[in-house]
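First up is the structure itself, then whatever we jot down about it.
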Amino acid sequence: MTNATPTTTGRARTGLLAGRFRRPAGDTLLGYLLVAPLILWLAGTILYPLLSAIRLSFLDVGIIGTGGQFVGLENYSKVLGSDNFWEAFGRSLVWVVANAVLQTLAAFITALILKQRFRGQGLARVWVILSWIVPTVVVVIIWRWLLGTSGGIVNYLLVTLGITPQPVGFFGTGPTARTSVIFINSWRWFPLMAVILLAGMQSIPEELYEAASVDGASAWQRFWHITMPGLQAVLFVMGLVGMLWSINVFDIIWLLTRGGPSAATTTLPVFIYDTAFFKYRLSRSAAASVVLGLVLLAFAVLYTRVMAPRAEEEQG
Amino acid sequence: MTTDLAGLRRSLGVYLSVAVLLIVVIAPFYWIFTGSIKAPQEIIAQVPTLIPQSLTLEHYDHLLASSAFPRYLLNSTIIAALTMVITVVLASLAAYGIYRLRFPGSQFLFKIILVTYAFPSILLLVPLYGMLSQVGLIDSLWALVIVNVTFAAPFAVWMLQAFFRAVPYELEEAAALDGAGRLRVMLRITLPLTAPGIASIAIYAFITSWTEYMLASVLIISDANRTLPVGLAGIIGQYQVDWGLLLAGATLTTLPVLILFGLVGRNFVDGLTAGAIK
């Protein structure tokens, strides 16, 4: 009984206050308190390690607990002077570009397919990202099994259909190994890009398409003049984040090829891992990480300057 | 007549394209699952069989009874569960603070979190290893919980954005006017209303932890503390690969993800995409 009255008056008063919700003085303090645990956690596990990587890159640590002498820029000159580093750098560039092209293409096709009306659409839109949610090691097992030289179905089909005279050792030569890991990684990632693109497409008002149809625009024109501009903001973010996630890919390459054969698939992350834990040169690996970090920072700054959508800038 | 035919042709095209897409994405999973229940001689047969001709559970028996797989499964489950709980607590508190309270500096903190979710973890490999060995956490499951929370939490905060935005301010105002304190409003009203969002970040944290290989491969030394990805990678690396065992392992490793995704997959995809389009 006593409960009913305050609620109604409460609602009435809410109407008056709507739009200018009071900000109690305690809110600011509470805000900091709520955010603090996460920020401290990230400071301890990202910021601090980052700073200690810079420090480590000026020392001569081989395996943990040894060395520790200050050696100045020696690690940097060793890293920047080594062919292995620059070759890995080049492979990372090829990796990022090839993955970006393949995934964007596959993601657009997939998004356009899923955008159509069909029965089971809801289910398909959810389960299409299956390859992205399963552990990388499972992706690796799947593809080593599919592409195997004995018992692998891909080779069986290739030989049976007469496309190749004998089974292909996909991970046996440099070019085939490189192509295979790029395709496998793209297979893992394109569905995620597709569902994000799809969400972007669905946020474009249907009336725009209807109006364009009335004006007699072809499907291609509608795609080019309505869909693409409508996706500008999504594509901008996807481009930056996708590129940073893509250059970071380590486990799928390592588990498929260990960076081989003869370093053909050793991208920078593989190089950093291998230098630290197989060549036992932690400091040199830290120097390579710092160089990579600086390159990515420069890229991110340049990218946001050049590619930022106009409307976005006005909002910010 | 002609429009009917065109419509038929069109819907045929739609279903055909969807079918091709599903084959590309789903068929490989069918292939490992059916492989895992085939007898060893059928697995390596020259002519692969689309439908298993033999049915055996021997690979699963071998995996669960006489390999270290159950141990890996237990370790991965412990780590993923702890990662999930810590990530959900840290991320939902921070999300409430950033999206609801709008205190001075909240936009700056939001930007920091955006930067950290795109941050390449490879840059942290060596220093995290150094740091965790200094504090004596090498070969400890806690080391992996710590790094997995770091990898999962920033993206989780970002995913929560859309869910928090969907809760009307009026509800909170009404509760506040009824005398409930901020903290009570948050715990009793706002967080329960963002339950689908919380569920999807929980899954995200679980999946992130379940998948992590790079740091698990260097932070864990003893076989008894290995996680599933490192343990399975060990089987792949053996001289003579036992495919039956490996396919059974891959199937069992995928199963928990499938179950969780089946429960709240839709929320998860909503969370993934809603933040991206604003």
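Observations on the model:
- Condition met for A:PHE236 (within 11 Å of chain B (Cβ to nearest Cβ), part of a helix (DSSP H, G or I), surrounded by fewer than 18 Cβ atoms within 10 Å (Cβ to Cβ) and in contact with a Phe, Trp or Tyr (Cβ under 9 Å, 6 or more places away or on another chain)): yes
- Test: A:VAL181 is crowded, with 19+ Cβ neighbours inside 10 Å, over 26 Å from B:PHE268 (Cβ atoms) and of a type in the set (A, V, I, L, M): yes
- Residue that is farthest from B:LEU215 (Cα to Cα) [pool: residues in the range A:25-37 that are within 7 Å of chain B (Cβ to nearest Cβ) and at pLDDT below 95]: A:GLY26
- For the range B:123-141, the tally of residues that are in contact (Cβ under 8 Å) with a residue 40 or more places away in the chain and either more than 11 Å from chain A (Cβ to nearest Cβ) or not hydroxyl-bearing (Ser, Thr, Tyr) (or both) stands at 8.
- Conditions (1) more than 10 Å from chain A (Cβ to nearest Cβ); (2) not in a helix (DSSP H, G or I): number failed by B:LEU144: (2)
- Restricting the range B:21-46 to residues that are within 7 Å of chain A (Cβ to nearest Cβ) and buried (at least 19 other Cβ atoms within 10 Å of the Cβ) leaves a set whose member that is farthest from the chain's Cα centre (by Cα) is B:ILE43.
- Selection count where residues are part of a loop (DSSP other than H, G, I, E, B) and either touching a residue at least 12 places away in the same chain (Cβ under 8 Å) or more than 14 Å from every other protein chain (Cβ to nearest Cβ) (or both), scope the range A:186-215: 3
- Selection of the range B:230-278 for residues being within 10 Å of chain A (Cβ to nearest Cβ) and aromatic (Phe, Trp, Tyr) yields B:TRP243, B:PHE261, B:PHE268.
- Qualifying residue in the range B:208-219 (condition: at pLDDT 85 or above and in contact with a Gly (Cβ under 6 Å, 6 or more places away or on another chain)): no
- Screening A:GLY148 against (1) crowded, with 19+ Cβ neighbours inside 10 Å; (2) away from every other protein chain (no Cβ under 12 Å) leaves a single unmet condition, (2).
- Odd one out for A:PRO269, checked against (1) within 22 Å of the chain's Cα centre (by Cα); (2) within 22 Å of A:LEU50 (Cα to Cα); (3) outside any helix (DSSP H, G or I): (3)
- Flag set for A:TYR48, criterion: within 26 Å of the chain's Cα centre (by Cα) and either facing chain B (nearest Cβ under 9 Å) or surrounded by fewer than 18 Cβ atoms within 10 Å (Cβ to Cβ) (or both).
- Selection count, the range A:76-115, where residues are farther than 18 Å from A:THR265 by Cβ and touching a Leu at 6+ places or on another chain (Cβ under 7 Å): 7
- In the set (1) within 20 Å of A:ALA199 (Cα to Cα); (2) crowded, with 19+ Cβ neighbours inside 10 Å, the condition left unmet by A:MET228 is number (2).
- Qualifying positions in the range B:230-267 - closer than 30 Å to B:GLU42 by Cβ, assigned to a helix (DSSP H, G or I) and among the polar types (S, T, N, Q): B:THR251, B:THR253, B:THR254
The values are calculated or read from the model by the stated rules, or taken from the named source; none is laboratory data. Computed from a predicted structure; not experimentally measured. Every residue, glycine among them, receives a Cβ derived from its backbone with ideal geometry; neighbour counts consider all protein chains shown.
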